[in-house]
Amino acid sequence: MIDRSIRPSVAAFSNVRLDFPKPSVLSCGIPIWVIDGGVEDICQLNVYITGGTIHEQMPLQSLLTALMVLEGSRQYDSRDIAELLDYHGAWKLAQNHDAMCQLTLSAMNEYYQRLLPFVVDGLAQPTFPEHEFEQYKKRYAASYATMQNRVKYLAAVELRRLYYGVEHPLVADVDPERLMQMSVDDLKQFFARYYHQANCQIIIAGKVTDKMLADTDAAFSAWTDNHGKTDGQMDWNFTPSPTMLSVVDKPGAIQAAVAMAIQAVGRNHPDYLKLRMLCMVLGGYFGSRLMSNIREEKGYTYGINAFLSGREQDGYVGVSTECDVRYTWQLIDEVKCEMQRLREQLIPEDELALVRQFMLSEQVKTLDTPFNVASYVASTLLYGVYPEYFNRQIDTILHTTPQQLREVAQHYLDLDRLRIVIAGDKERL
């Protein structure tokens, strides 16, 4: 029996490394990454199609196309698919990202061969059933109508406008009325442009067998691709607004939402990982400086976080929170003070040791399951993360000094370049 009066020993993480898997290619030419591991006979198939938010002609076009691909095809109608998934204890998921959409099938290994055809048939010959399409439109129209009454959402949308410029495709907001006017033809046009093998990549994870790989190869090789090759690349350049402070009026709002951003660098820049570590110190975990000051000491907010949002092309330091309207300006001043402190003072070694341990703990979770590793591999497709990113991040966490972090803060935490958005009752502000 364990003697619980004895404190367990604590050891630092050692030799945390990721051997990034190499892709192979299916017979039809589609790249595939296989993440084999785990002890349970379960698997997850993820299909990534180049064609995301940045490629849309209207908001949600990419997401709705992905959803409808899994709702009906020539061989399977929506009821067939629902019964197939329910009977075999499986589930499907469709979602979109900045430059890609993602179709996911999760299932037990013994049923994988039976379930795989409905995914491939949807990719090859979807029927876009009208009834299901109308239901999705109503659901998302209602959801966005609700979100557009929330100050946090209003602040986030306005900050995107300031950061990217009003014409950038990542800025487009959903108009519920216009969404209800979207037609099946709009989805078919998007499908015809992007859903073909040249725009497809696959990640399969779990306890993957040779039989499953053979089934996958056979199924996708039967996908008749009649669309031809399309260049899915888009211009990511953006023109930030010269406006540095914007207030979005929400009459009657009890709380105000505050969103801030400072343009930084993309993931491939040598400073990116150090800047990510600096953001963790600033507001990336419960014991961070913003939480300790603004939540614990001042009581201005229940929660506040700072983060580094990064793509291959760009990145920004962000801060997000909500507070009582009367504390808004004091809260903003405190955020600026904490940024200035990082520019001027060295981070104490004991504080940095705590941050290192927290970040290492979070990184190790990436290696917990084959599905987590698959998510990391997917980030190389979705966000411009490079294969050695994980290992370089570990090295950065272990070896970055307080002096280096102060230099990064002095270079990037420039308060003159801080864009601030407040959403709330303007009269009370």
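A short reminder: the numbers here are calculations on the coordinates, not readings from a lab. Because the structure is predicted, anything quoted here is derived from the model rather than measured. Here the Cβ positions follow ideal geometry from the backbone for every residue, glycine too, while neighbour counts run over all protein chains shown.
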Which value, in nm² and rounded to one decimal, describes the direction-averaged projected area of the C-alpha convex hull of segment 361-413? 4.6
In terms of the ratio Rg/(2.2 N^0.38 Å) built on C-alpha atoms, what value belongs to segment 73-183? 1.35
In nm, to one decimal, how far is the Asp350 label point from the Asp41 one, both placed 7 Å along Cα→Cβ? 5.4
³J(HN,Hα) across segment 135-149 via Karplus (A = 6.51, B = -1.76, C = 1.60, θ = phi - 60°), whole Hz, x for Gly/Pro? 5, 5, 4, 4, 5, 6, 4, 5, 5, 6, 4, 6, 4, 6, 9
Between Asp324 and Ala214, how high is the FRET efficiency from 1/(1 + (r/R0)^6) when r is the Cβ-Cβ distance and R₀ = 51 Å? Nearest 0.05. 0.25
Principal axis lengths of the chain from Cα atoms, whole Å, largest first? 63, 60, 44
Taking alpha-carbon centroids only, segment 312-374 lies from segment 263-282 a number of Å equal to 10
Short to long, in 10 Å steps from zero, the percent of alpha-carbon pairs of segment 214-346 per bin is 10, 30, 26, 14, 10, 9, 1
So what are segment 245-424's ellipsoid semi-axes, whole angstrom, largest first, if each one is the square root of 5 times an eigenvalue of the alpha-carbon gyration tensor? 28, 19, 16
What are the equivalent ellipsoid semi-axes of segment 174-221, built from the alpha-carbon gyration tensor (square roots of five times its eigenvalues), in whole angstrom, biggest first? 35, 14, 9
Inverse mean reciprocal Cα-Cα distance (Kirkwood Rh) of segment 79-138, Å: 12.9
Within 9 Å, Cβ to Cβ, of Ala306, how many net charges do the neighbouring residues add up to if Lys/Arg are +1 and Asp/Glu are -1? 0
Counting only other residues whose beta carbon sits under 11 Å from that of Asn391, what net charge do I get with K and R as +1, D and E as -1? -1
Diffusion coefficient in µm²/s returned for segment 326-426 by Stokes-Einstein, Kirkwood Rh over C-alpha pairs, 25 °C and 0.890 mPa s, is 148
Treating the angle as unsigned and between 0 and 90°, give the value, to the nearest 10°, between the Cα long axis of helix 109-124 and the longest Cα principal axis of the chain. 90
Please compute the modelled spin-label separation between Glu362 and His131, points set 7 Å along Cα→Cβ, answer in nm with one decimal. 4.6
What's the FRET efficiency of Glu83 with Thr239 using the Cβ-Cβ distance as r and R₀ = 41 Å, to the nearest 0.05? 0.25
Compute the helix-to-body angle for 349-364: its Cα long axis versus the longest principal axis of the chain, expressed 0 to 90° and rounded to tens. 10
For segment 263-305, what percent of Cα pairs sit more than 12 Å apart? 59
For segment 268-339, just list the percent of Cα-Cα distances falling in each 10 Å bin from zero outward, please. 21, 48, 23, 7, 0
Cβ under 15 Å from Met339's Cβ, Met339 left aside: what net charge do those residues give with Lys, Arg +1 and Asp, Glu -1? 0
Taking only Cα atoms, what is the 0 to 90° angle, nearest 10, from helix 370-382's long axis to the longest principal axis of the chain? 80
Convex hull over the alpha-carbon atoms of segment 22-99: what's its volume per residue in Å³? 151
When each pair of different Cα atoms in segment 24-221 is counted once in the 1/r mean, what is the Kirkwood radius in angstroms, to one decimal? 18.0
